[in-house]
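First the structure, in the form of structure tokens, and then the observations on it.
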Amino acid sequence: MSNASPSGSIDPAQLRRQWLFPPEITFLNHGSFGPAPRPVLDARQRWLEVVQSNPMDFFVRKYGGHLDVVRERLGAYVGAAARDLAFIANATVGMNAVAASVRLQPGDEVLLNDHEYGAVIRIWQRACDQAGAKLIVQPIPVPLTSPEQIVAAIVGGITPRTRMVVFSHITSATAIIFPVEALCREVRRRGVAVCIDGPHAVAMRPLNLAALDCDYYLASCHKWLAAPIGCVFMYVHPRAQETLQPATLSWGRLPQESGIRWNYELEWAGTHDPSATLAIPTAMDFLDEIGLEAFRQYTHRLAQYARDKISNLTGLEPLTPDTPDWYGSMIALPLPAGEAMPLQTTLWQRYQIESLILNWNNQRLLRVSCHVYTSEEDLERLTTALREVLY
């Protein structure tokens, strides 16, 4: 079935039927966990049945070849050599592996910023505490008016003691697209390693990981690409592959074996269900049928619609200028002061609306995520609910 209306535009009502949402739910939080549409879930089920039909044959003889097919397809999609990609359980596992691989010494520094995901801050705080190093969390005040503000704030935190700089491609709490090309260029020019946390970027933004020249890039396919939950990959530059330390040690890379590759250590970390990863090409096909650029334009237009409606309601200034260089399919908007969780609970219990409310840097933010099943009517329902609850 075609995913577009006869006019060629995206038809959210038709596409919503490809997902498993109950009809009463308004789902505006695709950015947290996905989910995947029916054709992708069907592909995952088919792969699971292949595995279960003979797990010995699959894992011992065929798994590596199947994974290489997905790796080649994904590498072309994200602008990376297939040999530089590894599939992992989730981005947290990857970030822990990076933190374990940077041999910090007492007095060393790791530089983050205050827009970073809370789990990432915790991971690097523990790594620094264990080594006697120091975690620097650089503030980047909002509202922002130019990408140079972000670059200046992060680069300004680099000292001769800085060993690693970690930043998001698209931030989780504030949904801001960071100028990753300029950041990588300036950080690498100073001889410091770069790790990019990129779970929100796949499909939402064009990617050319090899050209970025970062050391590590972690990304989820179960968000905007709409692959099944548990589809995550890690890009590691060749200069960093030999020193990578996995969070879990299993049978991945044995010194006496020939033909081993660095990514085996991550991909052979114990028995697991590989069906989600093997369904990634089906997710690509699904989005390709819609049109990748059509997806980006449509979902950005909806995020822009949410920005206009909710900013007019609250009278509060958005965090960034109104261009697709700053936000894509997801936007975070200031709300009047208050606690986050009670409002999120009310939106769900009273209105059956799923959207993320969070407290960040003493601000209450509403993060709205839009996918191809999202409609303007969904955003109208959200705005009406906020008006009734807040005012």
State yes or no: is Asp114 of a type in the set (Asp, Glu) and touching a Ser or Thr at 6+ places or on another chain (Cβ under 6 Å)? no
Any chance Val166 is among the β-branched types (Val, Ile, Thr) and either farther than 27 Å from Cys370 by Cα or surrounded by fewer than 20 Cβ atoms within 10 Å (Cβ to Cβ) (or both): no
Any idea which of (1) in contact with an Asp or Glu (Cβ under 9 Å, 6 or more places away or on another chain); (2) closer than 30 Å to Ala81 by Cα is the one Pro143 doesn't satisfy? (2)
So, of the residues in region 371-380 that are part of a helix (DSSP H, G or I) and touching a helix residue (DSSP H, G or I) at 6+ places or on another chain (Cβ under 7 Å), which turns out to be surrounded by the fewest Cβ atoms within 10 Å (Cβ to Cβ)? Glu376
Return the only residue of Leu67, Leu20, Leu74, Leu48 being of a type in the set (A, V, I, L, M), without any contact (Cβ under 8 Å) to a residue 40 or more places away in the chain and either assigned by TED's automatic domain parsing to the domain that holds Phe233 or loosely packed, with under 14 Cβ neighbours inside 10 Å (or both). Leu20
Only one of (1) without any contact (Cβ under 8 Å) to a residue 24 or more places away in the chain; (2) within 30 Å of Pro238 (Cβ to Cβ); (3) aliphatic (A, V, I, L, M) fails for Met56. Which number is that? (2)
Taking region 334-383 and keeping only residues that are under 25 Å from His115 (Cβ atoms), of a type in the set (D, E, K, R) and in contact (Cβ under 8 Å) with a residue 40 or more places away in the chain, one is left with Glu354, Arg367
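Which residue is nearest to Arg381 (Cα to Cα), if the candidates are limited to region 23-37 and must be touching a residue at least 24 places away in the same chain (Cβ under 8 Å) and surrounded by fewer than 23 Cβ atoms within 10 Å (Cβ to Cβ)?
Per the stated criteria, the residue is Thr26.
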Output the residues belonging to region 77-95 that are within 18 Å of the chain's Cα centre (by Cα) and in a helix (DSSP H, G or I). Tyr77, Val78, Ala91, Thr92, Val93, Gly94, Met95
Touching a residue at least 12 places away in the same chain (Cβ under 8 Å), more than 22 Å from Trp360 (Cβ to Cβ) and not in a helix (DSSP H, G or I), is that true of Ile136? no
Filter region 77-121 down to the residues that are free of Cβ contacts under 8 Å to residues at least 60 places away in the same chain and under 12 Å from Met234 (Cα atoms), then identify the one that is surrounded by the most Cβ atoms within 10 Å (Cβ to Cβ). Thr92
Filter region 151-201 down to residues that are of a type in the set (Lys, Arg) and not in a helix (DSSP H, G or I) and give me whichever is farthest from Val120 (Cα to Cα). Arg190
Would it be correct to say that Val98 is in a helix (DSSP H, G or I) and of a type in the set (A, V, I, L, M, F, W, C)? yes
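The values are calculated or read from the model by the stated rules, or taken from the named source; none is laboratory data. If you're wondering where the values come from, they're calculated on a predicted model, not measured in any experiment. Note that each Cβ is placed from the backbone with ideal geometry, even for glycine, and that neighbours are counted across all protein chains shown.
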